[in-house]
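Structure first, then comments.
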Amino acid sequence: MNKLRFEFDCQRPVASYQQALNQALKHPLVVGISHDHNQYAVEAQGDKTELGQLADELGAKLPLSCWLKRAQIKAIDTITTQSSPLPQATSEAAFCPDCADAVLADKPWQANCRQCSPKTEVQTQAVITAYGEDLSGLAVPLKQLFAVGHAQFETLWGQVELYLPEQIPSHCQRLLFCRLEAINHAFAVSNQAIERLSSLEKPALIASVNPGFAAHNQLPRSLYQCQFADDLVTLKLSQLLANKGVAFVGVATVSGLEPSLIGSFGEHPIALRHRQASAQISVSTEPLHEHASVKDFQAHWAKGRVSLSHQPAHPSAGPSWHAACALHAAQVIQEDNHRLGALYLSCSGLSGLLYQDSQQNYQWLVQLASPVPTPAQLIQSMQQQGNSAERLVRQLQSKLPEQLARWQVLSHSFNLSSFSAFLASASWCLGFSESADSSIAKDALIARALRYNASNAPRIDYPLSRNHEGVLQINWHKSLQACLSYRLADPDQLDKVAFGIIDSFADFVANWLEQLDADEGVDAIALAGDEFENPVLLDRIRLRVGHNQTLLLPQELGFDGANIALGALYLRRRR
């Protein structure tokens, strides 16, 4: 008899594999299964033909997870696994093969299938009531979609609005692809990225739209979250739309949960945002509060466990405390005595580098607190400075008079101090976007940076000054002035400048962290905040900072949601 071991090494626990292994245990050839340190294993014995058939069956039952690092088969001499089932786990598969086959064949699916990720009973019933168990009722909203270009649909995750390509509005930031091959025309994405999009979790990822594709389809944005069908309703819709020649549609969440969002950290995927409605984690340190509500998540502690649920409520910690919450979340997850700092970068909240001193008081080393000027405000400020700044303004008036006039007319206005706000203003200064929407302008710059494939780039300085509390803050004016200088000096190399803006910021962050380590002796830095959805920023922070510092990623909880609610339980002071 031949003995084989099938191993599936994963980056993190995959509950669907746990379920599949328990099912595999019923196979007559399987003698044992195991789950140890994120490795799932099946051991079997039989003749070569039988084991070959088992390998095919396991491949079908264990579809690709985006967290799978390696799968291999090894000949073994001794059985080391157990014949008892693994503990029950909740599936994270968007849908299982059996339910998918049923829906695509116009047959009823199993509403409470344990192989599919759990949906709320209310939302499941809403879908059945609207469309029937075979989803034949989708014909009604589909008719509206083709009549007016957009329509709302009930899905198992909540209500969404779909837009035909020619009707996609600027606020829609997600594209649902109905055909696998269409995504290669739309985005410059790798085969690895396609595999992750197609994985059993069906996550979304952020990618830059190919300029030709964007122009042909008149897409208003440069970056989109792209995805395939992530529940049985959108799976059926994708089939129906593809049959009518529609390759993709815009999708916006009306109510319910946004899809999971993944990014890349070197060669490995990371979870930027989780879709799970609830989760539980064990904690060894009793929190200061039993309940906290932050970022539409609620955290509740009882008997050594924290329950996290997606449920909007009045926040117990305002945006100025979210960095401290991120720090405490990392301390809880780390569960050791290491000294940590938190690099919290938020598109809307107070951002910067935070730590606790020897008295456990919160201290900012650097804050992103100064409002970012719009191009018109920047020009006005430069005119008052004299010398080189005033000369630069005269050059702009001579070479780009129409651009300066548009800056005065466009209603650029935001009172934000975030890095995203700076990227939007830099995008306007460099001429990447004429839209008054700061998020569209920001995305235009990030898309330019993504298209730049080299590593050498101009350096942008981020000069610091101290506020009345002695905290270092960035002078955005000087950084934007440098962008204007580069635009005049080399207007044909602006992709390089876009990349240099983000890379230089990551380099400055690395310098701040070196100073913090020298002054306070930190052992690791926790990353958090929705700014890290910027793929260029995340990658440059990894390269610039990761060489010298241990970086902690809030993998199990996402970067700016449940992790903040968890940390709020330990916050020493709350609003």
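The values are calculated or read from the model by the stated rules, or taken from the named source; none is laboratory data. Keep in mind that what you see is a predicted model, and the values were worked out from it rather than measured. Cβ atoms come from the backbone with ideal geometry, glycine included; neighbour counts cover every protein chain shown. What goes into the accessible areas is simple: the full protein's heavy atoms, side chains included, and nothing from ligands, DNA or RNA. Shrake-Rupley method; radii C 1.70, N 1.55, O 1.52, S 1.80 Å.
Residue-by-condition table, conditions (1) in a strand (DSSP E or B); (2) over 24 Å from Ser358 (Cα atoms); (3) among the polar types (S, T, N, Q):
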site	(1), (2), (3)
Leu527	yes, no, no
Ile541	no, yes, no
Gly558	no, yes, no
Leu566	no, no, no
Arg572	no, no, no
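Take Ala71 and tell me if it is under 30 Å from Leu164 (Cα atoms) and open to solvent by less than 80 Å² (accessible area, probe 1.4 Å).
Working: under 30 Å from Leu164 (Cα atoms): no; open to solvent by less than 80 Å² (accessible area, probe 1.4 Å): yes.
The answer is no for Ala71.
Those helices (runs of 4 or more DSSP H) of the range 361-412 in which 3 or more residues are over 29 Å from Cys347 (Cα atoms) and open to solvent by 70 Å² or more (accessible area, probe 1.4 Å) occupy 387-399.
With respect to Pro491, determine if the residue is surrounded by fewer than 16 Cβ atoms within 10 Å (Cβ to Cβ) and assigned to a loop (DSSP other than H, G, I, E, B). Outline the logic, then answer.
On the way: surrounded by fewer than 16 Cβ atoms within 10 Å (Cβ to Cβ): yes; assigned to a loop (DSSP other than H, G, I, E, B): yes.
Answer is yes for this residue.
For first residues located in the range 365-387 and touching a residue at least 24 places away in the same chain (Cβ under 8 Å) and over 17 Å from Ala441 (Cα atoms), partners that are part of a loop (DSSP other than H, G, I, E, B) and of a type in the set (Val, Ile, Thr) and lie 6+ apart or on another chain with Cβ distances below 6 Å form the pairs Gln367/Val471.
Quick grid of which residues meet (1) more than 25 Å from Asn456 (Cα to Cα); (2) buried (at least 23 other Cβ atoms within 10 Å of the Cβ):
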{"position": "Val497", "(1), (2)": "no, yes"}
{"position": "Asp503", "(1), (2)": "no, yes"}
{"position": "Trp512", "(1), (2)": "no, no"}
{"position": "Glu520", "(1), (2)": "yes, no"}
{"position": "Val545", "(1), (2)": "no, no"}
{"position": "Phe559", "(1), (2)": "yes, yes"}
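List the number of the failed condition for Arg5; all other conditions in (1) open to solvent by less than 70 Å² (accessible area, probe 1.4 Å); (2) in contact with a Leu (Cβ under 9 Å, 6 or more places away or on another chain); (3) not small (Gly, Ala, Ser) hold. For Arg5, the failing item is (2). Considered as a group, the residues in the range 253-270 that are hydroxyl-bearing (Ser, Thr, Tyr) and open to solvent by 50 Å² or more (accessible area, probe 1.4 Å) include one that is farthest from Pro169 (Cα to Cα), and that residue is Ser264. Listed here are the helices (runs of 4 or more DSSP H) enclosed by the range 157-252 that have at least 2 residues being under 26 Å from Ala424 (Cα atoms) and open to solvent by 20 Å² or more (accessible area, probe 1.4 Å): 211-217.
Of all residues in the range 1-21, those that are closer than 13 Å to Ser199 by Cβ and assigned to a loop (DSSP other than H, G, I, E, B) have Cβ atoms under 7 Å from Cβ atoms of residues that are open to solvent by less than 20 Å² (accessible area, probe 1.4 Å) and polar (S, T, N, Q), 6 or more apart or on another chain, in Val14/Ser65. Taking the criterion of being touching a strand residue (DSSP E or B) at 6+ places or on another chain (Cβ under 9 Å), under 18 Å from Leu104 (Cβ atoms) and of a type in the set (S, T, N, Q), the only residue of the range 118-170 that qualifies is Thr155. The single condition from (1) modelled with pLDDT of 95 or more; (2) farther than 27 Å from His216 by Cα that Gly158 fails is (1).
Each row is one residue, and each column tells you yes or no for (1) closer than 28 Å to Lys3 by Cβ; (2) outside any loop (DSSP other than H, G, I, E, B); (3) open to solvent by 80 Å² or more (accessible area, probe 1.4 Å); (4) at pLDDT 95 or above.
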{"site": "Ala89", "(1), (2), (3), (4)": "yes, no, no, no"}
{"site": "Pro108", "(1), (2), (3), (4)": "no, no, no, no"}
{"site": "Asn112", "(1), (2), (3), (4)": "no, no, yes, no"}
{"site": "Gln125", "(1), (2), (3), (4)": "no, yes, yes, no"}
{"site": "Gly137", "(1), (2), (3), (4)": "no, yes, no, yes"}
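Do you know which residues across the range 309-352 are part of a strand (DSSP E or B), under 23 Å from Leu551 (Cβ atoms) and not small (Gly, Ala, Ser)?
Within the range 309-352, the subset part of a strand (DSSP E or B) is 309-310, 340-344, 351-352.
Imposing the further condition that a residue be under 23 Å from Leu551 (Cβ atoms) reduces the set to 340-344, 351-352.
Passing the criteria: Leu340, Leu343, Tyr344.
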